[in-house]
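The values are calculated or read from the model by the stated rules, or taken from the named source; none is laboratory data. These numbers come from a predicted model, not from an experiment. As a convention, Cβ positions derive from the backbone with ideal geometry for all residues, glycine included, and neighbour counts pool all protein chains shown.
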Amino acid sequence: MIKLAAKAKLPTLAGKFDIYTFQNEVANENAVIVKGDIQGKEDVPMRIHSECLTGDVFGSERCDCRDQLLKSMVYLGEQPYGLLIYLRQEGRGIGLINKIKAYQLQEEGYDTVEANLKLGLPADKRDYTYAVEVLRYFGIKSVRIMTNNPEKISFLEANGIKVTDRITIKSQFTDYNKFYLLTKKEKMGHQI
């Protein structure tokens, strides 16, 4: 389902990586950040990170996305090998416009799940098929995944990728994201 489109070096503050892009049917232009040689390896440390423009780029304190992304990059930079799959599925897959509409509803007292449902959208619309295809491309059979989200683990395992370890990412609680993080824990089963 995916074909290599481009590869280049990506030196970062967290370490030296390679960045890959793949072509697929959806053409979301996802990014894959790789540290070291992961081809055919087992127990590969990895993160699947869904795009969050407000958090990842602008540093919004409404969520913990940037915190998770940066901590994952630093962790991977310290490992001999690993990867981060950056999926272009903003706002748990609902898109930027709907995400900002959900923010408006959150300002009225709805939690993040209730806001999505009020908009007629699922609580979480993300799909991790692309991540599975990337792991297959590199011949990876088992991973140590950095996630607080049990759905990612279930999806990988249901698609033949063995998860040998879950690495919890401890997020910073702020006055702005506390309600959001508690909702993820209580309503979505995230390990916070």
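Taking only the range 32-65 into account, find how many residues are surrounded by 17 or more Cβ atoms within 10 Å (Cβ to Cβ), of a type in the set (A, V, I, L, M, F, W, C) and at pLDDT 90 or above.
The qualifying residues number 8.
For a quick check of your reading of the model, give me the residue pairs whose first member lies in the range 73-91 and is closer than 17 Å to residue 11 by Cβ and free of Cβ contacts under 8 Å to residues at least 60 places away in the same chain, whose second is of a type in the set (Phe, Trp, Tyr) and part of a helix (DSSP H, G or I), with beta-carbon atoms closer than 9 Å and at least 6 apart or on different chains.
82/75
May I ask you to say which residue of 75, 86 is in a helix (DSSP H, G or I), at pLDDT 95 or above and of a type in the set (Phe, Trp, Tyr)?
Sole residue among the options that is in a helix (DSSP H, G or I), at pLDDT 95 or above and of a type in the set (Phe, Trp, Tyr): 75.
Condition check ((1) among the small types (Gly, Ala, Ser); (2) under 24 Å from residue 31 (Cβ atoms)) across all residues:
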{"site": "83", "(1), (2)": "no, yes"}
{"site": "97", "(1), (2)": "no, yes"}
{"site": "115", "(1), (2)": "yes, no"}
{"site": "120", "(1), (2)": "yes, no"}
{"site": "124", "(1), (2)": "no, yes"}
{"site": "142", "(1), (2)": "yes, yes"}
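Name every residue in the range 66-81 that is within 15 Å of residue 30 (Cβ to Cβ) and buried (at least 22 other Cβ atoms within 10 Å of the Cβ), in order of residue number.
None - no residue of the range 66-81 is within 15 Å of residue 30 (Cβ to Cβ) and buried (at least 22 other Cβ atoms within 10 Å of the Cβ), so the list stays empty.
Among the numbered criteria (1) under 22 Å from residue 23 (Cα atoms); (2) surrounded by fewer than 21 Cβ atoms within 10 Å (Cβ to Cβ), which single criterion is violated by residue 144?
(1)
Yes or no: residue 165 out of contact with any Phe, Trp or Tyr (no Cβ under 9 Å at 6 or more places or on another chain), surrounded by 15 or more Cβ atoms within 10 Å (Cβ to Cβ) and not in a helix (DSSP H, G or I)? Give the steps one after another, and end with the answer.
Working: out of contact with any Phe, Trp or Tyr (no Cβ under 9 Å at 6 or more places or on another chain): yes; surrounded by 15 or more Cβ atoms within 10 Å (Cβ to Cβ): no; not in a helix (DSSP H, G or I): yes.
So residue 165 fails the test.
When you go through 108, 133 one by one, which is the residue that is surrounded by fewer than 19 Cβ atoms within 10 Å (Cβ to Cβ) and either in contact (Cβ under 8 Å) with a residue 40 or more places away in the chain or at positive phi (or both)? Lay out the reasoning, then the answer.
Values: 108 fails: either in contact (Cβ under 8 Å) with a residue 40 or more places away in the chain or at positive phi (or both).
None of the other options fit; the residue is 133.
Which one of 131, 123, 115 is part of a loop (DSSP other than H, G, I, E, B) and either small (Gly, Ala, Ser) or under 26 Å from residue 2 (Cα atoms) (or both)? Explain how you work it out, then say what you get.
On the way: 131 fails: part of a loop (DSSP other than H, G, I, E, B); 115 fails: part of a loop (DSSP other than H, G, I, E, B).
Exactly one residue qualifies, and that residue is 123.
Before we move on, is residue 118 farther than 23 Å from residue 58 by Cβ, out of contact with any Asp or Glu (no Cβ under 8 Å at 6 or more places or on another chain), surrounded by fewer than 16 Cβ atoms within 10 Å (Cβ to Cβ) and at pLDDT below 90?
No, not satisfied.
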